[in-house]
Amino acid sequence: MAQRVLITGGAGFIGSHVADLFLREGWEVEIVDNLVTGKKRNVPAKARFHELDIGSADAGRLAGEGRFDVLVHLAAQMDVRKSVADPVFDAKTNILGTLNLLEGIRAGGTKTRVVFSSTGGAIYGDFVTPPNEETFAKDPESPYAIAKYSVELYLAYYARVHGLDAVSLRYGNVYGPRQDPHGEAGVVAIFSGRILDEQPLTVFGDGEQTRDYVFVGDVARATWLAATAKLPRQEKLDSRAFNVGTGAATSVLALADTLKRVAGSDVPVQHAPKRPGEQQTSFLSIEKIRGALGWEPQVTLDQGLAQTFEWFAAQRTPAAGAKR
Ligand code: NAD
């Protein structure tokens, strides 16, 4: 019998790539998404779609009673600035919505592995020297990052007390086709749109702030491996946490230059005042996931940006709108 996965947020950017990969691997895929930012057209035709909020009783029941081998939990309020403006809404979705699913699984009594999408970009804060390792001190600086960290704490608790099989993936700044220009790594989507409009690229501050940009196809593969591999025992909080990045720091200026080069564009870069609270340096150590899951990124920044730009460009053609 085929293995079964429930993907929350499967109509979104990362979730739709994860769904595609599980289908290619022969799994039965069901998706829960309330379409708040996700798009119905991102849902693969072979996946069964449930338009539900993760906080609803129906979603909790489905997670517990759907005989799923794996829950990949990606649905989230994922806009950091929105979390600052409305921390209550953020916590309702990102903490209480997640607890609703975990309680559903507990009530269902199934042995479902939970793969959670945490953040490597925001959880470590500014007081550590990158590359950030999983065991480094956590200093979440936004309600969004606090919620991700809280869910990791809950998962460790459920593992200890209820025997839950859970793993947290701390993604870097994910980019690629189908990305919405909002959220943590929207910069690639935003810059692509500006280049297509032949408008200047706006860089905040001096542009020397660095991030770890990882291609969505590589992230989907890491997620699939985490769902299927033998994992270390849950002992300390970080035992079942893995960074998913490239191990390389890229400045916003370097990103803009590379994107302009692969797009064949010469739009200017303009500077705007530094945004308060923005992290200066952030990139991830990926030694742990390399050792434990044999994962490493396969797509270079040049290749990934070229594929992403091509996708955004194709959306502007008259036949755009169809899923690619
Ligand atoms: P996305 O916005 O494209 O996907 C999130 C999906 O969740 C959307 O389809 C949205 O409609 C759905 N959703 C939101 N609230 C919901 C709710 N209450 N009930 C049901 N569905 C709901 O974002 P993404 O970039 O694909 O992010 C996926 C996950 O990965 C998120 O948890 C995000 O925090 C995490 N993450 C993303 C990045 C990144 O760089 N994109 C980095 C670190 C972590």
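Values as computed for the structure displayed
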read-out: Single condition residue 211 does not satisfy, out of (1) within 15 Å of the ligand (Cβ to nearest atom); (2) open to solvent by 20 Å² or more (accessible area, probe 1.4 Å); (3) over 21 Å from residue 290 (Cβ atoms); value: (3)
read-out: Qualifying residue in region 57-65 (condition: open to solvent by less than 20 Å² (accessible area, probe 1.4 Å), farther than 26 Å from residue 145 by Cβ and touching a Lys or Arg at 6+ places or on another chain (Cβ under 8 Å)); value: yes
read-out: Single residue of region 91-146 satisfying the filter (in contact with a Leu (Cβ under 8 Å, 6 or more places away or on another chain) and aliphatic (A, V, I, L, M)) that is farthest from the ligand (Cβ to nearest atom); value: 105
read-out: Restricting region 279-299 to residues that are loosely packed, with under 13 Cβ neighbours inside 10 Å and in a loop (DSSP other than H, G, I, E, B), the residue that is modelled with the lowest pLDDT; value: 280
read-out: Pick from region 42-52, criterion in contact with a helix residue (DSSP H, G or I) (Cβ under 9 Å, 6 or more places away or on another chain) and not hydrophobic (A, V, I, L, M, F, W, C), ranking: farthest from the ligand (Cβ to nearest atom); value: 46
read-out: Boolean, residue 144 is closer than 28 Å to residue 202 by Cβ and hydroxyl-bearing (Ser, Thr, Tyr); value: yes
read-out: Residue within region 45-64 that is over 19 Å from residue 163 (Cβ atoms), at pLDDT 95 or above and in contact with a Pro (Cβ under 6 Å, 6 or more places away or on another chain) present; value: no
read-out: First in region 297-324 and under 16 Å from residue 178 (Cβ atoms) and of a type in the set (S, T, N, Q), second anywhere and outside any loop (DSSP other than H, G, I, E, B) and modelled with pLDDT of 95 or more, Cβ under 7 Å, 6 or more apart; value: 308/175; 308/188; 308/192
read-out: Residue, nearest to the chain's Cα centre (by Cα), within region 69-90, restricted to residues that are open to solvent by 10 Å² or more (accessible area, probe 1.4 Å) and more than 12 Å from the ligand (Cβ to nearest atom); value: 81
read-out: Residue list for region 35-52, filter: open to solvent by 60 Å² or more (accessible area, probe 1.4 Å), outside any helix (DSSP H, G or I) and not hydroxyl-bearing (Ser, Thr, Tyr); value: 36, 39, 45, 46, 48, 51
read-out: Strands (runs of 3 or more DSSP E) completely within region 99-191 that count 2 or more residues being among the hydroxyl-bearing types (Ser, Thr, Tyr); value: 113-119, 165-171
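One line per residue, one yes/no per condition, for (1) assigned to a strand (DSSP E or B); (2) within 8 Å of the ligand (Cβ to nearest atom); (3) in contact (Cβ under 8 Å) with a residue 60 or more places away in the chain:
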{"position": "10", "(1), (2), (3)": "no, yes, yes"}
{"position": "23", "(1), (2), (3)": "no, no, no"}
{"position": "26", "(1), (2), (3)": "no, no, no"}
{"position": "54", "(1), (2), (3)": "no, yes, no"}
{"position": "63", "(1), (2), (3)": "no, no, no"}
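The values are calculated or read from the model by the stated rules, or taken from the named source; none is laboratory data. Quick caveat, the model's predicted, so the values are computed rather than measured. Methodologically, a virtual Cβ is constructed for each residue, glycine included, from the backbone with ideal geometry; neighbour enumeration extends over all protein chains shown. The area values use the complete protein model at the heavy-atom level, side chains included, leaving out ligands, DNA and RNA. Shrake-Rupley method; radii C 1.70, N 1.55, O 1.52, S 1.80 Å.
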